[in-house]
Each structure stands twice: as C-alpha cells, then as structure tokens.
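Heads up, the thing below is written out as structure tokens.
The values are calculated or read from the model by the stated rules, or taken from the named source; none is laboratory data. Small disclaimer: the values here were computed from a predicted structure and weren't measured. A quick note on method: Cβ atoms are made from the backbone with ideal geometry, for glycine too, and the neighbour counts reach across all protein chains shown. Please note that ligands, DNA and RNA were not included when accessible areas were found on the heavy atoms of the full protein model with its side chains. Shrake-Rupley method; radii C 1.70, N 1.55, O 1.52, S 1.80 Å.
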Amino acid sequence: ERRLVALSESVQDLIRADTREEVADLGVETARAVLGLEANTIHLYDEAERTLEPVAASDAIYDLLDALPSFTPGDSIAWRVYESGEALAVDDVHADPDINNPDTPIKSELYLPLGEYGILLAGSETAAAFDQRDVALGEILAGHVTSALKQVERTEQLRDHRRELEQHNDRLEAFTSVVSHDLRNPLHVADGQLQLAREECASEH
C-alpha cells in the first residue's frame, strides 16, 4: 500500500518533466526509491539508429557493469521484451539464449517495457531476485513513465508546430512589407495622375 501511494505521488513529478531525459531520470529514481530496484536503467528507442540507448541509470548499476550497453534488434532479452510489450522477470539470465552479455555478473533481471518509447531494466547478482509483485508494481511505474514520455512527445510536436507557424508568419510579414513597398510608388503616381485628370476633365468618371 505504501508503495502504491508513493507511485501515485510520483506521477505529479513525471507529468511536469519537460524532456525525455528528465522523465527517464525520474523513472530511474522512482524505481530505486519506491520499488527498491537499486540497480536499474532506462533505455529509450533511437529511431535514427534503430537501437535502445541508455538514457538514465541508478548509481548501483555501475557496481555491476563497466558501461551500459545499447540494444539492437534481435540481440538481447531486452529487445525481445521491448518488441513483445510484456513485462518479464528472468530468474536466470544465463539460461536464456538471448542473453546480451554471457560474461555479465547479473544473474536475474526485471524487464518493464515503456510502450514504443523504450524499456526499464533492473538487475541483481542474486538469482530469482524479482517476483510477481515486483512485476505488478513495476508495470504501474512503467505505465506512468510511458504516459509522461507520450506527453513530452506531444508537447514537442506542439512546440515544433508553433515554431513553424511563427516562421511562416515572419515570412508572410516580410512578403507583405515588400509588396506594400513595391505598390506604394505606383499608387502615388496613379493618385497624382488622377488629380491631374480631375483638374483637366469635368467628367464624373
């Protein structure tokens, strides 16, 4: 119950985040502080490279790994879970044929997909360290992180759209200024000719 309340409270911080990186940092810290997932990372999908890139990590993960890996299609349990979209606790990663690094000291891992955006991973040097309660609570956190990432994406799209509109308006104003200037002189000439015509001709036309 305490963890559920803390997870609910974490939503407020997540929805105030302005960038993907800030969401990832908050997600990692919440996973550590609320769910007790001391060694965890968030990898986000890089569309240009078609990889899952590490964006945020807890300090404890560096006690297990020298460097955070990137994941590519078909090379890891992480990618398999990312594609399936189903959370997974692996009791023995060394027994899984999709293990990314056979030399890893990590024995068990928890994989929490973040929709199309990426994945949250937690690792332990202890076998079978994660149970169904960890999966259930982890899925709640993953849902909050996914929603926050979706909101950041929408905000960025609106910001880009606003920027495009401002650029369009700037071009329109510049065009209007040029056209106005180009028309002003001929109109002055026409007005002068009209005044002369009125003086020389009594026609109502």
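Remarks
- Selection status of residue 37, within 17 Å of residue 139 (Cβ to Cβ), touching a helix residue (DSSP H, G or I) at 6+ places or on another chain (Cβ under 9 Å), of a type in the set (A, V, I, L, M, F, W, C) and surrounded by 12 or more Cβ atoms within 10 Å (Cβ to Cβ): yes
- Filter pass, residue 51 being touching a Lys or Arg at 6+ places or on another chain (Cβ under 8 Å), closer than 19 Å to residue 113 by Cα and without any contact (Cβ under 8 Å) to a residue 60 or more places away in the chain: no
- Of all residues in segment 59-85, those that are in contact (Cβ under 8 Å) with a residue 60 or more places away in the chain have Cβ atoms under 8 Å from Cβ atoms of residues that are among the polar types (S, T, N, Q) and not in a helix (DSSP H, G or I), 6 or more apart or on another chain, in 61/40; 61/41; 64/104.
Conditions (1) open to solvent by 70 Å² or more (accessible area, probe 1.4 Å); (2) of a type in the set (Gly, Ala, Ser), marked per residue:
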{"position": "122", "(1), (2)": "no, yes"}
{"position": "128", "(1), (2)": "no, yes"}
{"position": "139", "(1), (2)": "yes, no"}
{"position": "146", "(1), (2)": "no, no"}
{"position": "152", "(1), (2)": "no, no"}
{"position": "174", "(1), (2)": "no, yes"}
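- Residue within segment 60-68 that is over 15 Å from residue 120 (Cα atoms), open to solvent by 60 Å² or more (accessible area, probe 1.4 Å), over 22 Å from the mean Cα position of the chain (by Cα) and of a type in the set (A, V, I, L, M, F, W, C) present: yes
- For segment 14-34, filtering for residues that are open to solvent by 70 Å² or more (accessible area, probe 1.4 Å) and part of a loop (DSSP other than H, G, I, E, B) leaves 2.
- Test set (1) part of a helix (DSSP H, G or I); (2) surrounded by fewer than 21 Cβ atoms within 10 Å (Cβ to Cβ); (3) touching a Gly at 6+ places or on another chain (Cβ under 9 Å) - residue 94 fails condition number: (3)
- Test: residue in segment 55-65 that is part of a loop (DSSP other than H, G, I, E, B) and more than 19 Å from residue 135 (Cα to Cα): yes
- Top-ranked residue of segment 97-120 - restricted to ones that are among the acidic types (Asp, Glu) and within 26 Å of the chain's Cα centre (by Cα), ranked as least open to solvent (accessible area, probe 1.4 Å): 109
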